[in-house]
Amino acid sequence: MNARMMRPERQVMETDVLVVGSEGAGVMAAVAAAGAGASVLVVSKGKLGRSGATQTAGADFMVDARSVVEVLGFKEGDLQDSPDEMMLDIVQEGKYLSNQKLVEVYVRDAPLRVKQLIDWGMRVAEIEKAHGCRYPRGVIVPGPEIARTLRSVAGGLGLARVEDVMVTDLLLRDGCVVGAVGLNQRTGGAVEFRAGAVVLATGGWQTAYPWTTATDDLSGDGQAAAYRAGAELVDMEMLQFLPGIVINPPAWRRSIFIYAFPAGVLLNSLGEAFLRHWDPLRADMPMGHWPKETVSIAMKLEVLEGRGSPSGGVYYSLKHLPDNLIADIMSRRWVGEWKSDYVDFKAMMRYLQGGNALEVTGDAAHYSTGGIRVDEGFSTTLPGLFAAGECTGGMFGAERVASACTEMIVGGYVAGTSAAEFATRAGRSEASAGQVGELVDAIYAPLEREAGPRPVEVRKQLQKVAGDKVGVVRTSPALTQAIEEMVGMRSTLDELATVGKSLHANREWVDALQLRNLVPVVEVSARSACMRTESRGGHYRHDYPQTDNDHWLVNIVVQRKGDEPELQQVPVTTTKLRPPCGVVPYIESSRR
Amino acid sequence: MDNKTIRVTCERFDPGVDATSREQTYEVPFGEGLSILNVLTYIYENLDPTLAFYGCCVRGVCGRCTMMIDGRPALACTTLVQGDVHLAPLRAKAVVRDLVTEL
């Protein structure tokens, strides 16, 4: 049977600005581009306002506390603060790897963009001074409320959109991005987008890891498409992991529950409260009082050294606490309701109070700090291509503490404005001959191939390599192996075959296309991590446990040359803040 | 986990192939703290990669895994498995395939 006969007719859509991604960064880009007079089309891999990480944000938009008063009109702010003060904190927390021009845009535009969302009807729950933060900068809005606001704005403006379409590649003409191709997951049809400019707002690549706090759709689609098209990626070794994420029982996976109940104790498979070996001064403190990086590293080393739980985590127990004390903590923190993010934890508490431990991981992939390299106009290094939000790199340098929600709306708006300007000037042109056909063939390849490695199995292999070798604890031998395994997997990508051949909602097919993005992204991350022979922020090298400001205040930039990634070290972009010098132990540099 | 298993019956329909829907039953290991979405993922990864279902946020926010669970509309990601269970696509929406609707 010639499976190729089944392909539905290819759909062609045209627009001035194509926005890939439909959440915080994407909708903001679309609003800005439409406001600048461009025609706009938003493509969502899922549904607008119901995809990606935005809807799951637990927390806040960050705005300097002076603007909280003066621009947003909340009396809970603080006039002592300023955008410059906030910039200092972001750059320090990023261990001086941030592109300071990007941070300047962040602190400059944060109040304006948050004001815009509030004017559109977004309800602010409260103004908060975060733990360890000098000023009350947290404008607290739960993710579902942000998502609701985005849906309402998109509806109100009548933004054109296509949903359940996964964009797989960018189209080029003379080195300039002129559109994209993708798969309609409902119909199994290919879509060709012709555009004057493209904005990527596709989020992170956390699903490369066995454990994550992210949603299922974040598979590095934008980073990989940009890389294949020739754009530069930056800081790809920088990824943020969170310790203490539930992995068993399975129903509560991805939950950050134990942050709301930090009085529990972490135990290894020998039953030891292993954290005490790390810092005797904190030995009796509950987990919540430890720096997250230390906890992550400690947990991962227990697992790597053979003292982990069956699923590769450690245990979290409340058994040392009397029942009436648990009830007391519960009534104060949770007002008697074991509910968070709409998930009901009552059954989990029964499980814990029944004397069982949860299995928790030390290294759930939480936020992609590096990504597509952009300048302060959120232009990538390819003409016609712009990017915003988590898929970009450079804003937070080596570590993010400041709000990613602010990053997405600030970057989205600038990217949309720049893209509209570019599209108006450049107009539309067709992709070079043969390109669309070739990229559409790549979409159908795993479906039409009769037999080959199964996407589900390859994904498990990939996640194991990423988790064990490109995770929280890194060493030269492990990273070298990871690179070799990814190079091997490149050829596996050309052999993947789905078992089921349905055109409609075919998970394996989408898994195969996601692997095509995750494999190069993990490879690039491992190569960057291998090159950086020091420890800084989200990047801990067990074999190089020092933060070396004399040699490593550089960003690692990656670009595809032929079939191979080429890595380059470039000096950090600074404006007003001078980086420190000297070499300090990681454990010290990671303290805030 | 003990060795107990449950029977998960899914309504299946592929508009490209089938004239009417049919039912398929899978036997799945059962343990405490298992959601319907966990069970579907187990089936997808270990028993039948052709089963179509959708999940995104996995924490009750996006609503895209809504389906008929034992005859009632509910979220697969936040509904705990109690025992044998019957799954069907949401009735109010057009079926894309199996448990996926144009939701």
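Being more than 11 Å from the chain's Cα centre (by Cα) and crowded, with 24+ Cβ neighbours inside 10 Å is the requirement here; does A:P243 meet it?
When the stated conditions are applied, A:P243 passes them.
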ask   = Quick one: which of A:V521, A:V510 is of a type in the set (V, I, T), in a helix (DSSP H, G or I) and within 14 Å of chain B (Cβ to nearest Cβ)?
value = A:V510
inquiry  = If I ask for residues that are within 14 Å of chain B (Cβ to nearest Cβ) and of a type outside the set (A, V, I, L, M), which ones from the stretch A:427-463 would you list?
reply    = A:P446, A:G452, A:P453, A:R454, A:P455, A:E457, A:R459, A:K460, A:Q461, A:Q463
remark   = Only one of A:A497, A:A482 is away from chain B (no Cβ under 14 Å), on the phi < 0 side of the Ramachandran plot and at pLDDT 95 or above, namely A:A482
request  = Considering only the stretch A:131-149, state which residues are in a loop (DSSP other than H, G, I, E, B) and of a type in the set (G, A, S).
outcome  = A:G132
inquiry  = Are there strands (runs of 3 or more DSSP E) fully within the stretch A:353-455 with at least 2 residues that are modelled with pLDDT under 95, on the phi > 0 side of the Ramachandran plot and among the hydrophobic types (A, V, I, L, M, F, W, C)? List them.
reply    = none
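What is the residue count in the stretch A:283-293 for residues that are under 31 Å from the mean Cα position of the chain (by Cα) and either aromatic (F, W, Y) or farther than 15 Å from A:E588 by Cα (or both)?
Going through the stretch A:283-293 one residue at a time, the tally reaches 6.
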request  = Among residues belonging to the stretch B:13-37 that are buried (at least 19 other Cβ atoms within 10 Å of the Cβ) and closer than 14 Å to B:M67 by Cβ, point out the one that is nearest to the other protein chains (Cβ to nearest Cβ).
outcome  = B:S35
inquiry  = Against the definition (under 26 Å from A:K460 (Cβ atoms), touching a strand residue (DSSP E or B) at 6+ places or on another chain (Cβ under 7 Å) and at the interface with chain A (Cβ under 7 Å from one of its Cβ atoms)), how does B:R59 come out, yes or no?
reply    = yes
task = Count, please, the residues in the stretch A:514-569 that happen to be at positive phi and surrounded by fewer than 24 Cβ atoms within 10 Å (Cβ to Cβ).
result = 1
note = Checked A:V43, A:V63 against criteria (more than 14 Å from every other protein chain (Cβ to nearest Cβ), touching a helix residue (DSSP H, G or I) at 6+ places or on another chain (Cβ under 8 Å) and either buried (at least 24 other Cβ atoms within 10 Å of the Cβ) or closer than 25 Å to A:A260 by Cβ (or both)); the one match is A:V63
Flag for A:W205 being modelled with pLDDT under 95 and not basic (K, R) = no
request  = Identify, from the list A:V141, A:V198, the residue that is within 14 Å of chain B (Cβ to nearest Cβ) and within 21 Å of the chain's Cα centre (by Cα).
outcome  = A:V141
query = Is it the case that some residue within the stretch A:15-36 is over 29 Å from A:I140 (Cβ atoms), aliphatic (A, V, I, L, M) and within 14 Å of another protein chain (Cβ to nearest Cβ)?
reply = no
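Within the stretch B:62-98, how many residues are among the β-branched types (V, I, T) and away from chain A (no Cβ under 13 Å)? First the steps, then the outcome.
The first filter runs over the stretch B:62-98 and keeps only residues among the β-branched types (V, I, T), leaving B:66, B:69, B:78-79, B:81, B:85, B:95-96.
Imposing the further condition that a residue be away from chain A (no Cβ under 13 Å) reduces the set to B:69, B:85.
Qualifying residue count for the region: 2.
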task = Could you list all residues from the stretch A:176-190 that are crowded, with 24+ Cβ neighbours inside 10 Å, within 14 Å of chain B (Cβ to nearest Cβ) and part of a strand (DSSP E or B)?
result = A:L183
message = Residues that are closer than 19 Å to A:V521 by Cα: list the strands (runs of 3 or more DSSP E) wholly contained in the stretch A:191-307 that include at least 2 such residues.
response = A:239-242
request  = Being farther than 13 Å from B:S35 by Cβ and without any contact (Cβ under 8 Å) to a residue 24 or more places away in the chain is the filter here, so list the residues in the stretch B:69-96 that pass it.
outcome  = B:D70, B:G71, B:R72, B:P73, B:R91, B:A92, B:K93, B:A94
task = Select, from A:Y227, A:Y259, A:Y209, the only residue that is touching a Pro at 6+ places or on another chain (Cβ under 7 Å) and among the hydroxyl-bearing types (S, T, Y).
result = A:Y227
ask   = Given (1) more than 21 Å from A:R254 (Cα to Cα); (2) facing chain A (nearest Cβ under 10 Å); (3) more than 13 Å from the chain's Cα centre (by Cα), where does B:T50 come up short, assuming only one miss?
value = (3)
query = B:I6 passes all but one of (1) within 11 Å of another protein chain (Cβ to nearest Cβ); (2) more than 19 Å from A:W252 (Cα to Cα); which number fails?
reply = (1)
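Specify which of the listed residues (A:Y259, A:Y227, A:Y209) is more than 14 Å from every other protein chain (Cβ to nearest Cβ) and over 23 Å from A:V303 (Cβ atoms). Write out each step before concluding.
On the way: A:Y259 fails: over 23 Å from A:V303 (Cβ atoms); A:Y209 fails: over 23 Å from A:V303 (Cβ atoms).
Going through A:Y259, A:Y227, A:Y209 in turn, just one is more than 14 Å from every other protein chain (Cβ to nearest Cβ) and over 23 Å from A:V303 (Cβ atoms): A:Y227.
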inquiry  = Residues to consider are A:A180, A:A125; find the one that is of a type in the set (G, A, S) and at pLDDT 95 or above.
reply    = A:A180
request  = Inspect all residues belonging to the stretch A:85-104 and state whether any of them is hydroxyl-bearing (S, T, Y), in contact with a helix residue (DSSP H, G or I) (Cβ under 7 Å, 6 or more places away or on another chain) and under 14 Å from A:F61 (Cα atoms).
outcome  = no
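The values are calculated or read from the model by the stated rules, or taken from the named source; none is laboratory data. Bear in mind that the values here come from a model prediction, so they are computed numbers and not experimental data. Note that each Cβ is placed from the backbone with ideal geometry, even for glycine, and that neighbours are counted across all protein chains shown.
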